[in-house]
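Following: one structure in structure tokens, then a few remarks.
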Amino acid sequence: MLDRGPHVGVAGVLGDSVGLALLTVLDSLRPDERLAFVLHDVFAVPHREIGAIFGKSADATKMLTSRARRKVRTAQQPASAGRRQREVVQAFLAAARDGRFERLLHVLHPEVEFTVHTPDGRFVTIGATEVAARARMARDAAGAHAATVNGRPGVISWSADGTPLSLLDFTVADGRITAITAVIDPAELALMNLPGPPLPGDGLMGKAPAEER
């Protein structure tokens, strides 16, 4: 849900400025991304002033706005872009599986953000070189099942009893992966509204999900 704190009564303020579709997209952003995007791209507030709100430099705030803008652009892409996005994700997983570092860099955006949710907290890695070096998790997921997560291509691993073990959620824009979210915290996975385990052999990475065949 959109924040109702002192900085963001976003839905009310933007009601006459943007459509419902964009409000829905904004709702999917992190609070700091949402605020930075709205202040800069909608109200033209300079990055230096936005940075003062977050206690960040103008350059760090510019990067935050850039990531939010890519996510908004990706979410507004037509449904026909879904197949191409999955192809990019599959290329990433194949490169991770085979240890092809240069190919990983080719499909990762230079400022890609890799966020891992673990029982010990949330850890973030930024940058194609750094994320490519940590692609072990994606390599392990190469045989997992494809899924659509919040409208984006994802990969879910399941235990034999149907319990979700891990989730990878990819954001793709302009043919490159701009963000990866990995969830390996059992408690968090249990709270997520994930699709159930597919039938044996159905929806494996490298095969299109059943609804698209």
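Brief remarks follow.
- Gained length - ARG30 relative to VAL42, 0.36 nm times residue gap less alpha-carbon distance: 2.6 nm
- Under 20 Å from the LEU165 label point (7 Å along Cα→beta-carbon), backbone N, segment 176-192: 181-192
- Shown in residue order for segment 176-181 are the 3J(HN,Hα) couplings computed by the Karplus curve 6.51 cos²θ - 1.76 cosθ + 1.60 at θ = phi - 60°: 9, 7, 9, 7, 10, 10 Hz (x for Gly and Pro).
- Amide H to amide H, with H built 1.01 Å from N, ALA147 comes under 5 Å of GLY154, VAL155, ILE156, counting only residues 5 or more places away or on other chains.
- A Förster distance of 30 Å, applied to the separation of the beta-carbon atoms of ARG73 and ASN193, puts the FRET efficiency at 0.75.
- Accessible surface of segment 89-181, 1.4 Å probe, proportion on carbon and sulfur as whole %: 47
The values are calculated or read from the model by the stated rules, or taken from the named source; none is laboratory data. All figures in this text were calculated on a predicted structure; none of them were measured in a lab. Ideal geometry is used to build each Cβ from the backbone, glycine not excepted, and the neighbour counts take in all protein chains shown. The area values use the complete protein model at the heavy-atom level, side chains included, leaving out ligands, DNA and RNA. Shrake-Rupley method; radii C 1.70, N 1.55, O 1.52, S 1.80 Å.
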